[in-house]
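Here is the structure we will look at.
Nothing in this text is a laboratory measurement; each read-out follows from the coordinates by a stated rule. Bear in mind that the values here come from a model prediction, so they are computed numbers and not experimental data. Every residue, glycine as well, gets a Cβ built from its backbone with ideal geometry; the counts of neighbours run over all protein chains shown.
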Amino acid sequence: MSVRPLLLRSALATAAGAALFLLATPALPASADPSETVTVGPVGRIAEDGTVTLSGTYRCSGSTGPVFVSSSVSQRSPLFQQGIGGTRAVCDGVEHSWENTGKPGSDALEPGQAHVEATLMELSPEGGLPLPLFHAAAQQDVTLTKG
């Protein structure tokens with residue numbers, strides 16, 4: 001077997017892996033509008049059944065596809081984040097409140113300190129496929145309380 005096809009396959013595999021990594025990384029584009037924001041409230045709630053509620057505010061404008069505020073929380077390890085719901089956003093340039101509720105998977109959360117990430121993301125119709133377009137992101141240390 002020739003070395004040239006192996007090098008080409010290796011280069012293609014590396015490029016595909018890099019593209020997947022970039023798509024999975026919630027980074028804001030360099031041209032993100034500074035008037036588009038998302039915030040995280042300083043307190044989250046844990047219900048008796050383990051359901052977590054997080055909240056904050058957002059502002060966005062000029063979307064062409066559906067926009068959502070997603071949130072995740074980590075407590076013991078920043079490498080293990082658990083998704084906590086998603087809220088449909090209205091991008092009309094006005095500040096709105098968001099509240100996401102969800103039940104964490106395998107690792108229950110406890111009252112106390114936690115780290116929350118919120119992302120304001122649009123599913124932008126590019127070439128027929130909905131691709132993520134990040135409008136804003138925020139990270140915040142919060143206190144989870146029973147209630």
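Numbers for the structure displayed
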item	result
Highest-first arrangement of 59-67, 41-49, where packing means the average Cβ count within 10 Å	59-67, 41-49
Amide proton proximity set for residue 85, modelled H, under 5 Å, gap of 5+	none
Residue order, fewest to most surrounding Cβ atoms within 10 angstrom, among 142, 73	142, 73
Computed lengthening from residue 124 to residue 94, 0.36 nm per intervening residue step minus Cα-Cα distance	8.8 nm
